[in-house]
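**Student:** This is the structure, below, for whatever I ask next.
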Amino acid sequence: MIYEFDAVIVGAGGAGLYAALEAGRTAKTAVISKLYPMRSHTGAAQGGIGAALGNVEEDKPEWHAFDTVKGGDYLVDQEAARILAEEAVQTVYDLENRGLPFSRTPEGRIAQRRFGGHTRNFGEGPVHRSCYAADRTGNMILQTLYQQCIKNDVHFFDEFQVVELLLDGTRCTGVVVFELKTGEVHIFKAKAVLFATGGFGRMFRITSNALANTGDGPAVLARAGIPLEDMEFFQFHPTGIKGMGILITEGVRGEGGILLNSKGERFMERYAPTMLDLAPRDMVSRAIMTEISEGRGVRGDREIDDWVMLDASHLGRDVVESKIPDIADFCKTYLALDPADEPMPVQPTAHYAMGGIPTDIHGRVDTGGTVYEGLYAAGECACVSVHGANRLGTNSLVDLVVFGRRAGKHIAEYVQNVTHGAVDEGAAQAYAARVAKLKTEKGKHPGPIYREMQSIMTAKVGVYRNESNMLEAVAAIRELREQFKDVRVQDTADNFNTEVLAILELENLLDLSLITAASAENRQESRGAHSRPDYPDRDDEVWLKHTLARLDGNTISIDYKSVDVSIWEPKPRVY
Amino acid sequence: MNVVLELYRQDPASGGEGEFKSYELALEPTDRILDGLIRISRDMDGSLSFRKSCAHGVCGSDAMRINGKERLACKTLVQDVAENEGDVVRIEPLRHMTVQRDLMVDQQVFFEKFRSVKPFLIPQDEVQEKERIQSPEERALFDEATKCINCSACYSACPVLDDNPDFIGPAAIVAAARYVLRYMSIRVNSYLVSTAYRYRQKLW
Ligand SMILES: Cc1cc2nc3c(=O)[nH]c(=O)nc-3n(C[C@H](O)[C@H](O)[C@H](O)COP(=O)(O)OP(=O)(O)OC[C@H]3O[C@@H](n4cnc5c(N)ncnc54)[C@H](O)[C@@H]3O)c2cc1C
Ligand code: SF4
Ligand code: FES
């Protein structure tokens, strides 16, 4: 079928839903989501959303913006960070007014807690900035926004998966979409398309990300020739459940939890004397990996899958049960352990993509020289860039709502003044033919390629990466992309063929793995989450610039875009 | 350990009846049942259909009946349902909704009932300053009701639905209760009360 809308929003997480609410005010808007909206990964966010409300102690948006820039190791575009911190305040009130059930202070105001890297007065000490709803903040945001969408009759296409972008030169005219229920391939014509497809942590073996986090948006755009920004910066959250990667929120440390090595030492004292366990994530993850590689992990064998302990038992049962109830539940389910009694075994887990689709502060896809008309991105799949080389905790939820809203607003205006562009209606048939070919020929299962990709990325493009490892990774991923050509779908049915989608998702992850490994190999310095023992220092002289990596067959070509440092001069990052 | 996952398979579109098909595979006792299903679909039989996403019990995608009980496959460990080498674990789709394929059911009716209670804030109180003031005690009143992840396990387990398919089911009532309880601290929301009343006849 051919559908026609003013605006198509791809993705129904926090970013997509907020954009839909705004765009839908004036534009005929559709939300396309491969998951039921309430299943989106925004619902997994635990710790909170950062905004300088000052409900617990003095705080200012300016401090928040500075922390964001410093936390991102100065690769952050500073004007964007200023907007993020300033608009965060009103957006949090707006969410509260729409019914978001935040936890409360004794005075009845929105409760706030400490979070890594968020400081008072430009780094003096931790500040209570993270607004939270117990440890289910993301779920409450998702529920609230979805409920508002129901209230406003937003048009949803659930379990529709976007597979291709339709461009007319540098103007976006629509998308090609696979419908799970019927197996049909549709065209959605649109004056504006926003991608809000979330993260892609599933390229790694140990990850906090949902199975659906396969980076479809960035991969679809990359295959359409659009370069991706700063893909070498992937955040490893320090505290994932050993072996599984399930996230233990930083809120545990915000409430007073501490990290211990096998000798029972609070090792963060040696790495970040002021911020201790609440130093930014990249630093804490490196500290853990250093402890492990020096034999002070729990098992002590210096292997990368060793772990350390996170202790919250001294906080008392009341705090554990009221402030981090879901964490207690995960520990009971997956580790048969009660965090009020015993410490939790944790290791770094692939968590968040700082890089992604390059956009300007209105969410428009902007590659530094070219603005793609009618094409927008927001949320984790986008790179504004407010997270630079390392995102601070609670800043993603802010990013979703602030820039989701801004993009939605821009779309609402933009579509008023343009007509629909030209669309190649044969694109749907061509894609259907590709799917048919996947189904009719005999071939291999995807399992081995999936596992191999994840192991390579975790081992060679992880917390620490060096030249030879990354070159090996690039070569290995190239080889896997070749092998992928022999993968076939066994399931021949048209209806609810989940296998077709799983294989298309693997293709997306392989493409993004290649771009990530190649971008990482190219950047010869250490900055934020990108840490190279062979180039241990930050090098502002050469590398204070964003990477733009373009996929072309099995090769990656690299270009750069300048960083906005108009407010604060880059300084060494100490905590 | 080796376990046998005995899975319900059906493709209604091709007129097929439901049947059970067994897959034997090696899993760790601490693996999730969901890990087993993923292994089957990626390595053994790509035609197996089921929903999944977060893999840790927060998104509500993978409720199914495991050994006769409604559970999330990602929150059920192998050791929770199999003790010995070669044990059989039987996995079926949820009840009270039609099977779309294998372990996937059509949740349309479940979501429609959820929407029917208007599960959103209908502001009746003026926002005083920036945020509404609400004490921690008032907040605690409806805390439990915010925990629902719309997995529809309760909808499958509910015995009332056996006899009365019009019953809105536990989850929709939870959604309504969330706002009823929220309003109790301010003012009673007349719409929700009337909704609750309308459905009362359909309750026990
Ligand atoms: C466990 C965990 C805890 C976190 N905690 C915090 C926290 O406390 N604070 C914080 O700030 N951040 C946190 N984060 C990060 C934050 O939650 C995510 O970055 C954010 O929710 C992403 O939102 P999104 O709207 O960009 O995408 P998502 O919520 O992931 O939504 C993506 C949407 O895109 C759709 N989609 C994807 N591909 C396609 C396709 N091909 N076609 C159609 N639709 C598609 C999906 O169906 C989905 O609706 C956490 C992350 C994790 C993993
Ligand atoms: S109330 Fe029902 S739908 Fe909600 S979480 Fe519980 S079982 Fe799932
Ligand atoms: S996969 Fe999300 S609840 Fe099980």
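**Student:** Whether any residue in the range B:55-65 is open to solvent by 20 Å² or more (accessible area, probe 1.4 Å), away from chain A (no Cβ under 14 Å) and not polar (S, T, N, Q) is what I want to check.
**Tutor:** yes
**Student:** From the list B:ASP102, B:ASP80, exactly one residue is touching a Ser or Thr at 6+ places or on another chain (Cβ under 7 Å), away from ligand 2 (no atom under 16 Å from the Cβ), at pLDDT 95 or above and of a type in the set (Asp, Glu). Which is it?
**Tutor:** Numbers: B:ASP80 fails: touching a Ser or Thr at 6+ places or on another chain (Cβ under 7 Å).
When all the criteria are applied, what remains is B:ASP102.
**Student:** Can you find, within the range A:22-33, the residue that is farthest from ligand 2 (Cβ to nearest atom) among those that are of a type in the set (D, E, K, R) and in contact with a helix residue (DSSP H, G or I) (Cβ under 7 Å, 6 or more places away or on another chain)? Full working, then the answer.
**Tutor:** Keep residues of the range A:22-33 that are of a type in the set (D, E, K, R), which gives A:22, A:25, A:28.
If we keep only those that are in contact with a helix residue (DSSP H, G or I) (Cβ under 7 Å, 6 or more places away or on another chain) as well, we get A:22, A:25.
Numbers: A:GLU22: 29, A:ARG25: 31 Å.
Filtering the range A:22-33 for residues that are of a type in the set (D, E, K, R) and in contact with a helix residue (DSSP H, G or I) (Cβ under 7 Å, 6 or more places away or on another chain), the one farthest from ligand 2 (Cβ to nearest atom) comes out as A:ARG25.
**Student:** Sort out which residues of the range A:468-483 are of a type in the set (Ser, Thr, Tyr) and touching a Lys or Arg at 6+ places or on another chain (Cβ under 6 Å), and write them in order of number.
**Tutor:** Once the filter is applied, which keeps residues that are of a type in the set (Ser, Thr, Tyr) and touching a Lys or Arg at 6+ places or on another chain (Cβ under 6 Å), the range A:468-483 yields nothing.
**Student:** Looking only at the range A:431-460, which residues are more than 30 Å from the chain's Cα centre (by Cα) and charged (D, E, K, R)?
**Tutor:** Hits for the range A:431-460 are A:LYS437, A:LYS439, A:GLU441, A:LYS442, A:LYS444.
**Student:** A follow-up question, please. Which members of the range A:452-481 meet the condition of being touching a residue at least 40 places away in the same chain (Cβ under 8 Å) and closer than 30 Å to A:ALA432 by Cα?
**Tutor:** A:MET453, A:GLN454, A:ILE477, A:ARG478, A:ARG481, listed by residue number.
**Student:** Answer yes if at least one residue in the range A:567-575 is at negative phi and assigned to a helix (DSSP H, G or I), and no otherwise.
**Tutor:** Scanning the range A:567-575, I find no residue that is at negative phi and assigned to a helix (DSSP H, G or I), so the answer is no.
Listed here are the residues, each with its yes/no results for (1) open to solvent by less than 30 Å² (accessible area, probe 1.4 Å); (2) touching a helix residue (DSSP H, G or I) at 6+ places or on another chain (Cβ under 9 Å); (3) within 14 Å of chain B (Cβ to nearest Cβ).
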{"position": "A:GLY251", "(1), (2), (3)": "yes, yes, no"}
{"position": "A:GLY254", "(1), (2), (3)": "yes, yes, no"}
{"position": "A:GLU265", "(1), (2), (3)": "no, yes, no"}
{"position": "A:ASP277", "(1), (2), (3)": "yes, yes, no"}
{"position": "A:SER293", "(1), (2), (3)": "no, no, no"}
{"position": "A:GLY297", "(1), (2), (3)": "yes, yes, no"}
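**Student:** Okay, moving on. Provide a single number: the residues in the range A:338-372 that are of a type in the set (Gly, Ala, Ser), open to solvent by 50 Å² or more (accessible area, probe 1.4 Å) and touching a residue at least 60 places away in the same chain (Cβ under 8 Å).
**Tutor:** The total comes to 1.
**Student:** Also: Residues of the range A:535-551 being open to solvent by 40 Å² or more (accessible area, probe 1.4 Å) and touching a residue at least 12 places away in the same chain (Cβ under 8 Å), which ones?
**Tutor:** Hits for the range A:535-551 are A:ASP537, A:ARG538, A:ASP539, A:ASP540, A:VAL542, A:LEU544, A:LYS545, A:ARG550.
**Student:** Test B:GLY36 against the stated conditions and say whether it is outside any strand (DSSP E or B), open to solvent by 10 Å² or more (accessible area, probe 1.4 Å), more than 9 Å from chain A (Cβ to nearest Cβ) and away from ligand 2 (no atom under 16 Å from the Cβ).
**Tutor:** Answer is no for this residue.
**Student:** Right, something else. What residue, among those in the range B:45-54 that are at the interface with another protein chain (Cβ under 7 Å from one of its Cβ atoms) and within 16 Å of ligand 2 (Cβ to nearest atom), is surrounded by the fewest Cβ atoms within 10 Å (Cβ to Cβ)?
**Tutor:** Top of the filtered list is B:LYS52.
**Student:** Among (1) within 26 Å of A:GLU229 (Cβ to Cβ); (2) open to solvent by 10 Å² or more (accessible area, probe 1.4 Å), where does A:VAL89 come up short?
**Tutor:** Here A:VAL89 meets the rest and fails (1).
**Student:** Can you find a residue in the range A:133-146 that is of a type in the set (A, V, I, L, M), more than 16 Å from ligand 2 (Cβ to nearest atom) and under 17 Å from A:ILE411 (Cβ atoms)?
**Tutor:** yes
**Student:** List the number of the failed condition for A:GLY99; all other conditions in (1) in contact with a Ser or Thr (Cβ under 6 Å, 6 or more places away or on another chain); (2) outside any loop (DSSP other than H, G, I, E, B) hold.
**Tutor:** Of everything listed in (1) in contact with a Ser or Thr (Cβ under 6 Å, 6 or more places away or on another chain); (2) outside any loop (DSSP other than H, G, I, E, B), A:GLY99 misses just condition (2).
**Student:** Sticking with this structure for a sec: Test of understanding: among A:ALA51, A:ALA19, A:ALA81, A:ALA44, which residue is surrounded by 24 or more Cβ atoms within 10 Å (Cβ to Cβ), away from ligand 2 (no atom under 16 Å from the Cβ) and either more than 19 Å from the chain's Cα centre (by Cα) or within 12 Å of chain B (Cβ to nearest Cβ) (or both)?
**Tutor:** None of the others qualify; the one that does is A:ALA51.
**Student:** Now for a different question. Out of A:GLY379, A:GLY363, A:GLY368, which single residue is within 8 Å of ligand 1 (Cβ to nearest atom) and not hydrophobic (A, V, I, L, M, F, W, C)? Step through it out loud before you land on a result.
**Tutor:** Values: A:GLY363 fails: within 8 Å of ligand 1 (Cβ to nearest atom); A:GLY368 fails: within 8 Å of ligand 1 (Cβ to nearest atom).
Selected residue: A:GLY379, the only one of A:GLY379, A:GLY363, A:GLY368 that is within 8 Å of ligand 1 (Cβ to nearest atom) and not hydrophobic (A, V, I, L, M, F, W, C).
**Student:** Shifting gears a bit: Could you grab the pairs with beta carbons closer than 8 Å, sequence gap of 6+ or different chains, first residue in the range B:132-150 and within 7 Å of chain A (Cβ to nearest Cβ) and open to solvent by 40 Å² or more (accessible area, probe 1.4 Å), second one acidic (Asp, Glu) and more than 16 Å from ligand 3 (Cβ to nearest atom)?
**Tutor:** What qualifies is B:ILE133/A:GLU107.
**Student:** Starting from the range A:393-414, take each residue that is assigned to a helix (DSSP H, G or I) and list its partners that are basic (Lys, Arg) and surrounded by fewer than 24 Cβ atoms within 10 Å (Cβ to Cβ), counting only C-beta distances under 9 angstrom and pairs at least six apart or across chains.
**Tutor:** Matching pairs, first to second residue: A:ALA407/A:ARG364; A:GLY408/A:ARG25; A:LYS409/A:ARG25; A:HIS410/A:ARG364; A:ALA412/A:ARG25; A:TYR414/A:ARG364.
**Student:** Determine whether the range B:111-120 contains at least one residue that is more than 8 Å from chain A (Cβ to nearest Cβ) and surrounded by fewer than 17 Cβ atoms within 10 Å (Cβ to Cβ).
**Tutor:** yes
**Student:** Further question: Give the range A:300-337 a look and list any residue that's more than 13 Å from every other protein chain (Cβ to nearest Cβ), in contact (Cβ under 8 Å) with a residue 12 or more places away in the chain, among the charged types (D, E, K, R) and surrounded by fewer than 16 Cβ atoms within 10 Å (Cβ to Cβ), or say none.
**Tutor:** Matches in the range A:300-337: A:ASP305, A:ARG317.
The values are calculated or read from the model by the stated rules, or taken from the named source; none is laboratory data. Remember, it's a predicted structure, so these values are computed and weren't measured experimentally. Cβ coordinates were reconstructed from backbone atoms using ideal geometry, including for glycine residues, and neighbour counts include every protein chain displayed. For the accessible areas, the whole protein counts, side chains as well, though only heavy atoms, and no ligand, DNA or RNA atoms are used. Shrake-Rupley method; radii C 1.70, N 1.55, O 1.52, S 1.80 Å.
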